[in-house]
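J.: Quick one: structure below, then a few questions.
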Amino acid sequence: MIQGKRAIVTGSTSGIGLGIAQRLAAGGASVMLNGFGEKDEIKTIQQDLEAQYGVNVAYHSADVSKAEDIADLVKEANHQFGGIDILVNNAGIQFTSPIIDFPVERWDAIIAINLNAAFHTMRLCLPSMEERGWGRIINIASAHGLVASVDKSAYVAAKHGVMGLTKVAALEHASSGITINAVCPGWVLTPLVEAQIKAKAERSGLQYHEAKAELLSEKQPSGEFVTPDQIAGIVHFLCSEDANQINGTAISADGGWTAQ
Ligand code: NAD
């Protein structure tokens, strides 16, 4: 189903986004990578994917907190690939603090990257998906798009916002061959979560491996991390024909987190 399709995956230089980009390339899609990182490392990812799967892999350094960068990212992807069929809004950041101490600049950055960016990519990619009568938009939300945790006001607000945006976009395009869904992961061991484990270890005087086990046991009944590859598998499924009627909803992969 995704053979020959053209995809943008925001925040695909690391973690979950990289796993998704790899899976889409493996399925035969051209992929526009995006995100921050060392120039050489990104070049290597790009070249490895092209060599391994024989697909076009491009990279754009857009800072998705900026609407003008996003416009350039979408323009460049259209220019290089001739269109966009699959859009994965994955770029995201985290910051934890009680609301009363939450730095205003961190709030603005989280809302811009984790929520506003999805609005901008969608408004720019949807018209041509409409014209072609096929499209897949997958927003990487979170268990925190469905439930809350203390000290994560901006993240939880942004991810709940992504859920609302997903539903509205799905309704607006319900009869046009485009589906728009969210994936809600629980804990996935990526740099974003490693930073939280380190902060927890420092705060509580625990060893890294103890803080890691405690983090899991607090929220994720399976006691295991979700893997980027498992999230990539769900994205791949949502791009398949079997998922044609899955629209405006969320698929959780959280080891039971939100069943509690
Ligand atoms: P990560 O830190 O490994 O990767 C984040 C990616 O986003 C990187 O490629 C980074 O360069 C990019 N990025 C950050 N700011 C950017 C910006 N301004 N412009 C462009 N790119 C930017 O994190 P991850 O854990 O892989 O997270 C990916 C997504 O999954 C995020 O939306 C996150 O909220 C969500 N998520 C993660 C977990 C988890 O446990 N790791 C759980 C639920 C949801």
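The values are calculated or read from the model by the stated rules, or taken from the named source; none is laboratory data. Just so you know, these numbers come straight off a predicted model, no measurement behind them. No Cβ is skipped: glycine too gets one built from the backbone with ideal geometry, and neighbour counts run over all protein chains shown. Quick note on the areas: whole protein, heavy atoms, side chains included, nothing else; ligands and nucleic acids left out. Shrake-Rupley method; radii C 1.70, N 1.55, O 1.52, S 1.80 Å.
J.: Select from region 36-71 the residues that are more than 15 Å from Ala118 (Cβ to Cβ) and touching a Ser or Thr at 6+ places or on another chain (Cβ under 6 Å) and list them in ascending order.
T.: Once the filter is applied, which keeps residues that are more than 15 Å from Ala118 (Cβ to Cβ) and touching a Ser or Thr at 6+ places or on another chain (Cβ under 6 Å), region 36-71 yields Gly37, Ile42, Val55, Asn56.
J.: Hey, another quick one. Out of the residues in region 114-142 that are within 13 Å of the chain's Cα centre (by Cα) and in contact (Cβ under 8 Å) with a residue 60 or more places away in the chain, which is nearest to Gly17 (Cα to Cα)?
T.: Going through the qualifying residues, I end up with Ile140.
J.: Right, another one. Restricting the search to region 22-39, which residues are under 19 Å from Gly82 (Cβ atoms) and surrounded by 23 or more Cβ atoms within 10 Å (Cβ to Cβ)?
T.: Matches in region 22-39: Leu24, Ala25, Ala29, Ser30, Val31, Met32, Leu33, Asn34.
J.: Run down Gln94, Gln46 and say which single residue is free of Cβ contacts under 8 Å to residues at least 24 places away in the same chain, touching a Phe, Trp or Tyr at 6+ places or on another chain (Cβ under 7 Å) and assigned by TED's automatic domain parsing to the domain that holds Ala143.
T.: None of the other options fit; the residue is Gln46.
J.: Also: Please find, within region 61-105, the residue that is farthest from the ligand (Cβ to nearest atom) out of those that are under 18 Å from Gly11 (Cα atoms), among the hydrophobic types (A, V, I, L, M, F, W, C) and open to solvent by 30 Å² or more (accessible area, probe 1.4 Å).
T.: Ala71
J.: How many residues are in a loop (DSSP other than H, G, I, E, B) and open to solvent by 40 Å² or more (accessible area, probe 1.4 Å) if we restrict to region 241-260?
T.: 6
J.: Identify, from the list Ala170, Ala157, Ala182, the residue that is more than 30 Å from Gly133 (Cα to Cα) and either free of Cβ contacts under 8 Å to residues at least 40 places away in the same chain or in the same structural domain as Ile246 (by TED's automatic domain parsing) (or both).
T.: Ala157
J.: Separate question: Just the residues that are among the polar types (S, T, N, Q) and either out of contact with any helix residue (DSSP H, G or I) (no Cβ under 9 Å at 6 or more places or on another chain) or within 13 Å of the ligand (Cβ to nearest atom) (or both), please, taken from region 167-193.
T.: Selection gives Ser175, Thr190.
J.: Within region 19-35, how many residues are out of contact with any strand residue (DSSP E or B) (no Cβ under 7 Å at 6 or more places or on another chain) and either more than 9 Å from the ligand (Cβ to nearest atom) or within 18 Å of Thr121 (Cβ to Cβ) (or both)?
T.: So the count comes out to 6.
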